[in-house]
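Worksheet: the structure to be examined is printed underneath.
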């Protein structure tokens, strides 16, 4: 049995309360915003057919005769698809210079009369009308981990009609303890060192990094059942709802080696259609998001743990996550980190 002490707040209120809280206006540009203004990350997203097809099928069902806004339109592919699926008018809203490419693609498809690409803060720009549908591909590997939700909520309140539709309509997050063979190999070199050199301090740094695009974490690598982290109804979600704190007890379903907490999302695209980067789902550019736990732990079937995972946004496209793991025979390990823009070579 797990001791009662482990069911108290493993993250610690001091650690959470010390996290910075900044408004979107205070943050200005940052490396993640700049990454989305360049083409490499868009190439990966455009090559993700699971992702693009999920949005195309939703727009095919819903967009005909409707006015659509595409929040964070990037290269404009969803704006163009909405127009091709019969939307009456489309407004593509984009903050970064990639909007120039979106405008060119609109011209190439001779859709200037239907699709307007607007550069600027989506909550501040002026549209000539309210829209029927607000579509956006805003999700990070854990959906909320890129802190897009506050800006999306502002855009919804500014531009979506009462009773209008959100695509996706709902977003859920899940996590489980897992094996990550590549992470284990990386940690092994830090803990064992080379030629008598102690590299354990680098292991500590690595353990406080949030790792995304972990395609090697497949269903057979999970060691505990998935635990629900959050459930967001995008029609009514508020900016603060994207911050979450999870704590739960889990039990290993088999013997193995825990190297991380693995996390993923599931989005409702309407009429039973789902877009997910779950370990058992078709491969996407997201992969799984991994939260390392330091030196990997050998576990036995039926062994119980407490693990925590929380996320808090602190500016435009910035969030920090904290996580921990403990058990009756395992001392508590606590970590904190933030994602940085990364590419997804395993997807290709």
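Read the figures in this text as sums done on the coordinates, not as results from a lab. Every value quoted in this text rests on a predicted model; they were computed, and no experiment measured them. Virtual Cβ from ideal backbone geometry, glycine too; neighbours counted across all protein chains shown.
Annotation: Cα Rg of segment 37-137 relative to the compact-globule expectation 2.2 N^0.38 Å equals 0.97.
Could you calculate, for the chain, the ratio of the Cα radius of gyration to the Kirkwood radius, expressed as Rg to Rh? Could you put the intermediate results ahead of the total?
Details: Rg = 21.1 Å, Rh = 21.1 Å.
For the chain, the value is 1.00.
The order of 110, 184, 104, going from fewest to most other C-beta atoms within 10 Å of their C-beta, is 110, 104, 184. Segment 189-240 and segment 114-188 have their alpha-carbon centroids 21 Å apart.
With contacts taken as Cα pairs under 8 Å at a separation of at least 6 residues, the chain carries a relative contact order of 21 percent. To the nearest Å, what is the center-to-center distance of segment 40-55 and segment 284-323, using C-alpha atoms only? One Cα centre to the other: 25 Å. Rounded to the nearest 500, the helix-only mean residue ellipticity at 222 nm of the chain stands at -7000 deg cm²/dmol, with each DSSP H run of n ≥ 4 adding -39,500 (n - 2.57).
Taking other C-beta atoms within 10 Å as the exposure proxy, 241, 132, 180, 255 rank 255, 241, 132, 180 from fewest upward.
With a Förster radius of 51 Å, plug the Cβ-Cβ distance of residue 195 and residue 254 into 1/(1 + (r/R0)^6) and report the FRET value to the nearest 0.05. Kindly include the intermediate steps, with their values, before the conclusion.
Working: r = 37 Å, r/R0 = 0.72.
According to the calculation, E is roughly 0.85.
Sorting 200, 331 by the number of Cβ atoms found within 10 Å of their own Cβ, with the fewest placed first, yields 331, 200.
Along its principal axes, segment 273-323 has C-alpha extents of 39, 31, 19 angstrom, given from the largest down.
Note on the chain: GNM, Cα springs under 10 Å; of 142, 202, 59, the largest mean-square fluctuation is that of 202. Helix 99-108 versus the longest principal axis of the chain: what is the Cα-based angle in degrees, 0 to 90, to the nearest 10? The answer is roughly 50 degrees.
I want the antiparallel fraction of DSSP beta bridges within the chain, as a percent rounded to 5. Display every interim value, and only then the final one.
On the way: 54 of 72 bridges.
Around 75 percent of the beta bridges assigned by DSSP in the chain are antiparallel ones.
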